[in-house]
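One structure below.
Each reported figure results from applying straightforward, stated rules to the coordinates on display, with no laboratory input. Note that the coordinates shown come from a computational prediction; the quantities given were computed from them, not determined experimentally. A quick note on method: Cβ atoms are made from the backbone with ideal geometry, for glycine too, and the neighbour counts reach across all protein chains shown.
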């Protein structure tokens, strides 16, 4: 299928059948998320891939008891940086220089600009900015899953503090942002599977300014 047909096929599955998704396909989804564009190329988030069923069982009660949390093959937890620090910014700039094999004066000036702004900002403001970057990666992961005919269900309905405690995220300087169960739909248990996808008409969504 083409991209648009693939997007029309996908939906937020409400029930999954527990079937295992191959590691090769999961790696493809994660690579798509890794390749997502982010502000200043900082990639201010990490992705936790939960395969352990016991941990899924602990997460489910704090995720509105949604069955896909425990029925999925892999549960992806997108966790954003709790703030921007000099070390985090420098790491990405140093990594860029190492991989590209040279230093660029304009790039180094940009580094200094970020170092003089982000670390001095309010931590909550920085977290909210980082969380938005995680959502870009989330979208890429969902498209990559659909391209392989794998279902995914983006979820904001969870107790973030509880997830952070279960996974020990705060100690890592991270905060949970969004969950993404990955698996295969269980059609006979999913009330949404056969319903027509509803989206705004294009003329109510898009305004063209000539």
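Relative to the longest principal axis of the Cα atoms of the chain, helix 23-34 runs at roughly 40 degrees.
At an R0 of 41 angstrom, the distance between the Cβ atoms of residue 149 and residue 171 translates into a FRET efficiency of 0.65.
Modelled spin labels at residue 116 and residue 86, positioned 7 Å past Cα toward Cβ, are 1.5 nm from each other. Put a dot 7 Å past the Cα of residue 27, heading toward its Cβ, do the same for residue 53, and the two dots end up 2.5 nm apart.
Using all pairs of distinct alpha-carbon atoms, the Kirkwood hydrodynamic radius of the stretch 64-174 works out to 16.6 angstrom. Computed per residue of the chain from DSSP H runs no shorter than four, each worth -39500 (n - 2.57), the mean residue ellipticity at 222 nm is -13000 deg cm²/dmol. What the Cβ-Cβ distance of residue 97 and residue 35 gives, at R0 = 22 Å and to the nearest 0.05, is a FRET efficiency of 0.65.
Classify the stretch 134-210 as rounded, prolate or oblate from the Cα gyration tensor: take a ≥ b ≥ c as the square roots of its eigenvalues, call it rounded if a/c is under 1.5, otherwise prolate when a/b beats b/c and oblate if not. Oblate is the answer for the stretch 134-210, as a/c is 1.5 or above yet b/c matches or exceeds a/b.
Principal-axis analysis of the Cα atoms of the chain puts helix 123-147 at an angle of about 50° to the longest axis. Note on the chain: Kirkwood hydrodynamic radius from all Cα pairs is 18.8 Å, rounded to one decimal. With respect to the chain, whose longest principal axis is taken over its alpha-carbon atoms, helix 105-115 is tilted by about 70°. As a length-normalised measure over Cα pairs under 8 Å and 6 or more apart, the relative contact order of the stretch 1-102 settles at 33 percent. Put in line by how crowded their Cβ is, counting other Cβ atoms within 10 Å and starting with the fewest, 207, 165 read 207, 165. Extending 7 Å from the Cα toward the beta-carbon at both residue 12 and residue 192 defines two label points whose distance is 0.5 nm. Starting from the Cα gyration tensor of the stretch 1-88, take the square roots of the eigenvalues, sort them a ≥ b ≥ c, and report rounded, prolate or oblate (rounded when a/c is under 1.5, otherwise prolate if a/b is larger than b/c, else oblate). Oblate, since a/c reaches 1.5 and b/c is not below a/b.
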